[in-house]
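The values are calculated or read from the model by the stated rules, or taken from the named source; none is laboratory data. Everything quoted here is computed from the prediction, not taken from an experiment. Note that each Cβ is placed from the backbone with ideal geometry, even for glycine, and that neighbours are counted across all protein chains shown.
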Amino acid sequence: MSELFDKLPMEGVKHIIAVASGKGGVGKSTVAANLAVSLARNGYKTALVDADIYGPSIPRMFGIEDATPEVIKFGEKESIFPIEKFGVKIMSIGFFVDRSQSLIWRGPMAAGAITQLYENTFWEEIDYMIIDFPPGTGDIQLTTLQRLKLSGAIIVTTPQEISLNDARKAASMFRTEELEVPILGIIENMSWFTPDSHPEEKYYLFGKGGGHRMAKEFNTWLLGQVPLVMEVGEAAEKGLTIFNQSNKTVIDAFEKIAVTIVKNLEESSN
């Protein structure tokens, strides 16, 4: 059993990617979850960390709210085994707290909790670890960026200007001189709405072109535009993914995003 503790924390994790947003309600967790599943379906060893300490939603999205990770102690150390579903190894503070109670933690407590999730989990070999950040630019983000070496960050926004303003703040955090984390690209969520009865029509409910403008502003990729599809939200409520619903546009969008991220990271590391 001692071999579980021979490795350094996070050793064996090749790429760590943060998924961030400036505000809540833009579908960041949905993007993080489905991106992780897309990578796993493409044959990559994938992990997903729910770093939203105050409002963990990943267990609900994967239908594993009642799961309890196994914890093995060896001397003074302990190792937590992540829950695996859809080929993704998942860790969340939501596994360890009563979901009917609100979490009221000061900064140091939250920072300590997220550090334990990263460093006390037995990840084994991982090609891509996706970290679902909480909204904003607070203690969790700074602790993660100080403790881990990230391959890059993905910014999730919706097309309207009010969302873009908040997303710019999140993107600027990664560009600060002390951190300098590459921005791998922008994902524009809820780009348009298409009724099931009229699949050829697009209604731009939240404006148009915001993701393109932000990608140009930060000199990065627009990784993809994901339409607003009711079936996607319904699937998440049932603990399912985009691959359990019928809208091919959404599936194609995430497949393209996953392929582009892998390609870009492989080229930058060569």
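Here are the numbers:
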quantity: Tabulated pairs, region 85-96, first within 12 Å of residue 65 (Cβ to Cβ) and among the aliphatic types (A, V, I, L, M), second buried (at least 24 other Cβ atoms within 10 Å of the Cβ) and modelled with pLDDT of 95 or more, C-beta under 6 angstrom, 6+ apart or interchain; calculated: 90/48
quantity: Whichever residue in region 195-244 is modelled with pLDDT of 90 or more and among the polar types (S, T, N, Q) and, among such residues, is nearest to residue 88 (Cα to Cα); calculated: 241
quantity: Single residue of region 99-143 satisfying the filter (charged (D, E, K, R) and within 18 Å of residue 80 (Cα to Cα)) that is modelled with the highest pLDDT; calculated: 125
quantity: Residue within region 167-188 that is part of a helix (DSSP H, G or I), in contact with a helix residue (DSSP H, G or I) (Cβ under 6 Å, 6 or more places away or on another chain), over 18 Å from residue 29 (Cα atoms) and of a type outside the set (A, V, I, L, M) present; calculated: no
quantity: Count - residues of region 26-54 that are out of contact with any Pro (no Cβ under 7 Å at 6 or more places or on another chain), among the small types (Gly, Ala, Ser) and under 25 Å from residue 159 (Cα atoms); calculated: 6
quantity: Residue in region 200-209 that is part of a helix (DSSP H, G or I) and more than 17 Å from the chain's Cα centre (by Cα) present; calculated: no
quantity: Any hit, region 147-156, residues being under 25 Å from residue 129 (Cβ atoms), surrounded by 19 or more Cβ atoms within 10 Å (Cβ to Cβ) and of a type outside the set (A, V, I, L, M, F, W, C); calculated: yes
